[in-house]
Amino acid sequence: MNKKVGYAIALAAALAAPFFVYPVFLMKVLCFALFACAFNLLIGFTGLLSFGHAAFFGGAGYVAGHALKVWGLPLELGLVAGVAISALIGLVMGSLAIRRQGIYFTMITLALAQMLYFVCLQAPFTGGEDGLQGVPRSRLLGMIDLGNDLTLYYVVLAIFVAGFALIVRTIHSPFGQVLKAVKENEPRAISLGYDVDKYKLLAFVLSAALAGLAGATKTVVLGFETLTDVHWSMSGLVVLMTLVGGLGTLAGPIVGAIVIIALENKLGDLGDWLATITSIEWFRSIGESVTIVTGFIFIVCVLAFRRGIVGELVEFSKTRRKPVATPTHATIVRTVEG
């Protein structure tokens, strides 16, 4: 299927979705899908595994929430403030982390992100362990009241589409082609004259800014921000989403986010339904075992779907389209003579 047709169908489904599914759940999925896409831009197309993306996601959420609640800024300025701080954190963190490669790069991002976690734990404006509560949804452009879930949903959808379009444009630009070259063979990219560290840093900052946009939007949707979003476990969660959906694919992180968030929010309902139809009361406790179920799914994907859900589907479609080679006359003659 043509990619443009696929995107059009997905957009049409997203436009109709809030009439069938709870809008707040859908908005949460969109925020995490954008977060996963931002992370995938770094690991899937640049080859840099960051374990510190929670710093951008949660940091932007705190700043945007504070700007909306305390400073009284309109929605668009609150989101800009969140994106700006996440880009700044990404610039500082990236400048330090790109000096190393491999596991050392990953550990530096994790350490710096945990430093920010403890800052958020102690800072007075974050609310500490209680979190930042009562963040208003404000108004869009000073005119559109976002108190209605359906109205806010379409604003969040527009933000997601804009962020995803930016990622697609980046990947297919000359800049994105250099990022792919760095991922596949960094020494060769250096030998061709590219300033690899500069490209890595730009990709890191862009990924951080988009992750911050997702985090700031999530704070507006839910009306609060907590330490969970800046904890290292959030960085692990976005890694899981990307791997389950398909590393290095455009749609993979979206699918992964849908799977993981749906499990977290709907597993209890699924357990109740299974208990009702099977009369096995144990199923009612399955909602308390989300981490076990997600871990099991991760193991299955690693063992059976190493390319992720979307990656395996893409590979399967390529195999189906691959033409079967028919032997030529010369091949038949050589086979007979041999």
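The values are calculated or read from the model by the stated rules, or taken from the named source; none is laboratory data. Just so we're clear, the structure is a prediction, and the values are computed from it rather than from any experiment. Counting neighbours? That spans all protein chains shown, and the Cβs are built from the backbone with ideal geometry, glycine included. Each accessible area value is taken on the protein alone, full model and side chains, heavy atoms only, with ligands, DNA and RNA left out. Shrake-Rupley method; radii C 1.70, N 1.55, O 1.52, S 1.80 Å.
What the table below lists for this structure:
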{"read-out": "Condition met for residue 67 (more than 26 Å from residue 263 (Cβ to Cβ), open to solvent by less than 10 Å² (accessible area, probe 1.4 Å) and out of contact with any Ser or Thr (no Cβ under 6 Å at 6 or more places or on another chain))", "value": "yes"}
{"read-out": "Boolean, residue 41 is part of a loop (DSSP other than H, G, I, E, B), crowded, with 22+ Cβ neighbours inside 10 Å and not hydroxyl-bearing (Ser, Thr, Tyr)", "value": "no"}
{"read-out": "Residue among 82, 72, 61 that alone is of a type in the set (Gly, Ala, Ser) and not in a helix (DSSP H, G or I)", "value": "72"}
{"read-out": "Residue 316 vs. criteria exposed (fewer than 15 other Cβ atoms within 10 Å of the Cβ) and modelled with pLDDT of 65 or more", "value": "yes"}
{"read-out": "All positions within the stretch 57-104 that are over 22 Å from residue 156 (Cβ atoms) and among the polar types (S, T, N, Q)", "value": "95, 101"}
{"read-out": "Residue check, residue 164 open to solvent by 20 Å² or more (accessible area, probe 1.4 Å), in a helix (DSSP H, G or I) and without any contact (Cβ under 8 Å) to a residue 40 or more places away in the chain", "value": "no"}
{"read-out": "Residue list for the stretch 18-37, restricted to those being within 14 Å of residue 259 (Cβ to Cβ), open to solvent by 10 Å² or more (accessible area, probe 1.4 Å) and aliphatic (A, V, I, L, M)", "value": "29"}
{"read-out": "Residue, nearest to the chain's Cα centre (by Cα), within the stretch 123-145, restricted to residues that are of a type in the set (A, V, I, L, M) and surrounded by fewer than 19 Cβ atoms within 10 Å (Cβ to Cβ)", "value": "140"}
